[in-house]
């Protein structure tokens, strides 16, 4: 890459967000139907009722919060990729220099096997980009509250690094990954910038 590499600003995609709102609404409606005994006669057991209530809070609340956040951010950049680094407002409010990135990898989540009980359509290609940072850079990175909250569970699932997801954004995974790896390689060639 040369010194005049493009700056790419990635925003939420209204169409993709609409699909996720519909999915969240459907899951919430399913939990409401289960909680109020629509599928069972007599009324559901206490355990089923509690699980359905939990689903209402989880899916309904999650859909509402995600929708409000996305609407507030619609039209504004969520991820910015430039020769200087990557900035994902959902992860950190600062630029992560490419020179601070040790590696870029993919974590793929495959759909459940056929015959498995799964109540919603599973995305055919759910991939996350993982940025493994140099330890000294990661120590000084100011993560968002959500990123801090999910760091330990992500590590338990074998995802050790900064997670960047294109879900709901106006970019496809392959483009995000290819551009990021090209920037990391370019930073390594020129010796990069000083880490955070």
* Structure fact -> Picked from the stretch 150-171 (must be within 13 Å of the chain's Cα centre (by Cα) and without any contact (Cβ under 8 Å) to a residue 24 or more places away in the chain), the residue surrounded by the most Cβ atoms within 10 Å (Cβ to Cβ) is 154
* How many residues does the stretch 73-99 hold that are part of a loop (DSSP other than H, G, I, E, B), over 17 Å from the mean Cα position of the chain (by Cα) and under 23 Å from residue 150 (Cα atoms)? -> 2
* Restricting to the stretch 25-45, what's the tally of residues that are at pLDDT 90 or above and either surrounded by fewer than 15 Cβ atoms within 10 Å (Cβ to Cβ) or closer than 20 Å to residue 70 by Cβ (or both)? -> 6
* Asked: Which of the residues belonging to the stretch 11-24 are surrounded by fewer than 18 Cβ atoms within 10 Å (Cβ to Cβ) and touching a helix residue (DSSP H, G or I) at 6+ places or on another chain (Cβ under 6 Å)?
  -> 21
* Within the bounds of the stretch 95-112, is there any residue that is exposed (fewer than 12 other Cβ atoms within 10 Å of the Cβ), at pLDDT below 85, under 26 Å from residue 71 (Cα atoms) and out of contact with any strand residue (DSSP E or B) (no Cβ under 9 Å at 6 or more places or on another chain)? -> no
* Asked: Which of the residues that make up the stretch 180-196 are surrounded by fewer than 19 Cβ atoms within 10 Å (Cβ to Cβ), at pLDDT 85 or above and in contact with a strand residue (DSSP E or B) (Cβ under 7 Å, 6 or more places away or on another chain)?
  -> 181
* Quick one: residue 175 ticks every box in (1) at pLDDT 90 or above; (2) over 26 Å from residue 71 (Cα atoms); (3) assigned to a helix (DSSP H, G or I) except a single one, so which number is it? => (2)
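The values are calculated or read from the model by the stated rules, or taken from the named source; none is laboratory data. All values reported here derive from a predicted model rather than from experimental measurement. FYI the Cβ positions are ideal-geometry reconstructions off the backbone, even for glycines, and counts take in every protein chain you see.
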